[in-house]
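Chemist: If you scroll down you'll find the structure; I have some questions about it.
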Amino acid sequence: MNIFESYLDKIKLILIDLSKQGELLIPETFNGINAEIPPAQFDCDISTNVAMVLSKLNKRSPIDIAEQISPIIKDKDSLIQNITIVKPGFINIKFKPLFWTNFIQEIIANKKKFGVNQKEKKLNYLIEFVSANPTGPLHVGHCRGAVLGDVISNVLIFNHHKVTKEYYVNDYGNQIINFTKSVFARIREIKFNEKFPIDNSDLYPGDYLVDFAKNIISSNAELNFDNYENISERLTELSIEQALLLIKKNLKSLGIKHDNFVSEKNIVLDKEVENVIKFLEVNNFVYKGKIKAPAGEDKKDWIEREQLLFKSTDFGDDKDRALQKSDGTWTYFASDVAYHKNKVDRKFDYLINILGADHAGYIKRISSSVEALSGEKNKLICKISQLVKLIKDNKPFKMSKRKGDYITVDDLIEEVGKDATRFIMLNRSSDVELDFDFDAVKEKSKDNPLYYVQYCYARISSVFRHLGKNLEKNISIDNYNFEYSEDEIKILKKISEWPKCIDAASTKLEPHRIPIYLYELAAEFHSYWNLGKQFPEKRFINDQKNISQDKLVFLKAIANVIKSGMDIVGVSSPAKM
């Protein structure tokens, strides 16, 4: 039940009636008219801007229109206590306590549907995220994007959309050759006691390669490691296999499981790059030309060469992009275009890419290519996952993947746990940098958002456990003939915002709204809980060691939303803490 949508629909019906009676002019569409959460300083439950939207069309002041509409809204709904008009023309609606009793009855009865936008058209999404090079374990730099992609998927699935989670494996190119040579050097170190060439900057020096090498040696006794060239192809397959096993293990420890792993090498070998070039040529999206020196680069050192270029400027990019180098080899962008043609051909409604902060400049060119390939604007949605700064003992950690001394996802989870990792990574909008303080996430206070929300659920569980009831089971109430206090209605109003939170998180792909909302709901609950220390009537368990039905339902409603939100975020809701 979305009370804001429900009342907006009622207001629209009133407007249509007034229009039929010739008493009010209405626009062709009701875009711009809303029913929103009112500011905290107003003693009301819903606020609508309808009078201001209709003012210009009717050539009347918003206050005049609000005065015309308000009595009709109130007359048509016996659950409205009063309506006030606030300059410049907001109509503020306050409900009777009975409204909230009816509300809680409905959300208890429809627990699984509460928050889901039933009216929204259900779509099919492909979400590509993480897609780190298969050259080692995932580090903290990958972690935030991984959680972002996974929780966006969860929100869309909660809202009954179809979602496919995909990982693009960059298993082709120079970095893979260098990675395989690094594994070979470790194998030689183990088998022949040859010193690893640590001074070779092209190689990956991480200790994890020793484990890769040992696993390959023990599982492939038939292989001869005397000559790299003789086994390079097979060793590349085995090395990537080891890296992907580790990456999947890292993802599993984060609670993430992809549906598909798509190989760049397969796309290249299947001639998908050549095929997409032909498609672009047939549609006149490519030409032979030269690229001028990028801004900031010394033009004396820049050599203009004739290359095959994609007309990305036709789709809003700031310059055309090279698909083929002057030596005839394909650019990385060309294989990426081929991969996105592969995505487009699978007929998803929308493609979502989760990109790292260092790929922000890549958005225009790949979005341009998808528009050319699909013929649709905004088919591809790119979300940037900004940097994470790790802080411990008030000192920053430094990361460097090439040197092998970075902080891995497993290091982070071992230090603070999966729940804290996921919740805190999501606690700010993904487009701003995040400080991840190791010490703060271990605090047992309201300054630790995860603890504060989990403690809310644990407190409610403790009440049910004390009464010999199971919080996870449905409750049966014979009669909802009770009335909630203002303190309780304050929490019910917060619960009523849950569908709006889900709707915004889903349509705007902003899942950070969920942990923020959960923290606010938990704060309201903890404040109410603390009232019981002063006012016995506020306590959930009375002197007879029992609980009234209204409070039982009240607690169940809060717990349902907390559990629902925590499931979307992918963290636990512990019964005890």
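The values are calculated or read from the model by the stated rules, or taken from the named source; none is laboratory data. All values reported here derive from a predicted model rather than from experimental measurement. Backbone-built Cβ (ideal geometry, glycine too); neighbour counts: all protein chains shown. Accessible surface areas use protein heavy atoms only, side chains included; no ligands, DNA or RNA. Shrake-Rupley method; radii C 1.70, N 1.55, O 1.52, S 1.80 Å.
Chemist: Can you find a residue that is open to solvent by less than 30 Å² (accessible area, probe 1.4 Å), farther than 20 Å from residue 419 by Cβ and of a type outside the set (Ser, Thr, Tyr) anywhere in region 505-512?
Modeler: yes
Chemist: Return the residues of region 361-380 that are part of a helix (DSSP H, G or I) and open to solvent by 50 Å² or more (accessible area, probe 1.4 Å); say none if nothing qualifies.
Modeler: If the condition is that a residue be part of a helix (DSSP H, G or I) and open to solvent by 50 Å² or more (accessible area, probe 1.4 Å), then 361, 364, 365 are the ones that fit.
For (1) of a type in the set (Ser, Thr, Tyr); (2) within 26 Å of residue 119 (Cβ to Cβ); (3) part of a helix (DSSP H, G or I); (4) touching a Phe, Trp or Tyr at 6+ places or on another chain (Cβ under 6 Å), each residue gets a yes or a no:
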| position | (1), (2), (3), (4) |
| --- | --- |
| 6 | yes, yes, yes, no |
| 22 | no, no, no, no |
| 28 | no, yes, no, no |
| 66 | no, no, yes, no |
| 73 | no, yes, yes, no |
| 91 | no, yes, no, no |
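Chemist: Let me ask something else about it. In the list 251, 245, which residue meets the criterion of being among the hydrophobic types (A, V, I, L, M, F, W, C), surrounded by fewer than 18 Cβ atoms within 10 Å (Cβ to Cβ), part of a helix (DSSP H, G or I) and within 38 Å of the chain's Cα centre (by Cα)?
Modeler: Details: 251 fails: surrounded by fewer than 18 Cβ atoms within 10 Å (Cβ to Cβ).
Going through 251, 245 in turn, just one is among the hydrophobic types (A, V, I, L, M, F, W, C), surrounded by fewer than 18 Cβ atoms within 10 Å (Cβ to Cβ), part of a helix (DSSP H, G or I) and within 38 Å of the chain's Cα centre (by Cα): 245.
Chemist: A follow-up question, please. Has region 408-428 got at least one residue that is surrounded by fewer than 17 Cβ atoms within 10 Å (Cβ to Cβ) and among the aliphatic types (A, V, I, L, M)?
Modeler: no
Chemist: Against the condition without any contact (Cβ under 8 Å) to a residue 40 or more places away in the chain and part of a helix (DSSP H, G or I), how does residue 210 come out, does it pass?
Modeler: Numbers: without any contact (Cβ under 8 Å) to a residue 40 or more places away in the chain: yes; part of a helix (DSSP H, G or I): yes.
It is true that residue 210 is without any contact (Cβ under 8 Å) to a residue 40 or more places away in the chain and part of a helix (DSSP H, G or I).
Chemist: Still on this structure, please answer the following. Pull up region 418-441, narrow it to residues that are of a type in the set (A, V, I, L, M) and in a helix (DSSP H, G or I), then point me to the one that is nearest to residue 151 (Cα to Cα).
Modeler: Among those that are of a type in the set (A, V, I, L, M) and in a helix (DSSP H, G or I), it is 425.
Chemist: Also: Can you tell me how many residues within region 436-493 are open to solvent by less than 30 Å² (accessible area, probe 1.4 Å) and in contact (Cβ under 8 Å) with a residue 40 or more places away in the chain?
Modeler: 20
Chemist: Restricted to region 323-354, and to residues that are in contact with a helix residue (DSSP H, G or I) (Cβ under 8 Å, 6 or more places away or on another chain), open to solvent by 10 Å² or more (accessible area, probe 1.4 Å) and assigned to a strand (DSSP E or B), which residue is nearest to residue 129 (Cα to Cα)?
Modeler: Selected residue: 354.
Chemist: Could you please find all residues in region 170-183 being within 20 Å of residue 146 (Cβ to Cβ) and buried (at least 23 other Cβ atoms within 10 Å of the Cβ)?
Modeler: 171
Chemist: I'm told residue 573 meets every condition in (1) of a type in the set (Gly, Ala, Ser); (2) free of Cβ contacts under 8 Å to residues at least 12 places away in the same chain; (3) assigned to a loop (DSSP other than H, G, I, E, B) except one. Can you identify the failing condition by its number?
Modeler: For residue 573, the exception is condition (2).
Chemist: What residue, among those in region 271-286 that are open to solvent by 80 Å² or more (accessible area, probe 1.4 Å) and not in a helix (DSSP H, G or I), is farthest from residue 172 (Cα to Cα)?
Modeler: Initially, region 271-286 is screened for residues open to solvent by 80 Å² or more (accessible area, probe 1.4 Å), giving 271, 275, 278, 281-282, 284.
Subset that is not in a helix (DSSP H, G or I): 271, 284.
On the way: 271: 14, 284: 28 Å.
Taking the candidates together, the pick is 284.
Chemist: Tell me, please, whether a residue that is in contact with an Asp or Glu (Cβ under 6 Å, 6 or more places away or on another chain) and either at pLDDT 90 or above or not aromatic (Phe, Trp, Tyr) (or both) can be found in region 535-549.
Modeler: Quick first cut of region 535-549, residues in contact with an Asp or Glu (Cβ under 6 Å, 6 or more places away or on another chain) only: none.
The answer is no; no qualifying residue exists.
Table: residues versus (1) of a type in the set (Asp, Glu); (2) over 22 Å from the mean Cα position of the chain (by Cα); (3) open to solvent by 10 Å² or more (accessible area, probe 1.4 Å).
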{"site": "501", "(1), (2), (3)": "no, no, yes"}
{"site": "523", "(1), (2), (3)": "no, yes, yes"}
{"site": "558", "(1), (2), (3)": "no, yes, no"}
{"site": "567", "(1), (2), (3)": "yes, no, yes"}
{"site": "570", "(1), (2), (3)": "no, no, yes"}
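Chemist: Out of all the residues in region 43-63, which are open to solvent by 70 Å² or more (accessible area, probe 1.4 Å) and either within 30 Å of residue 97 (Cβ to Cβ) or assigned to a helix (DSSP H, G or I) (or both)?
Modeler: Selection gives 43, 56, 57.
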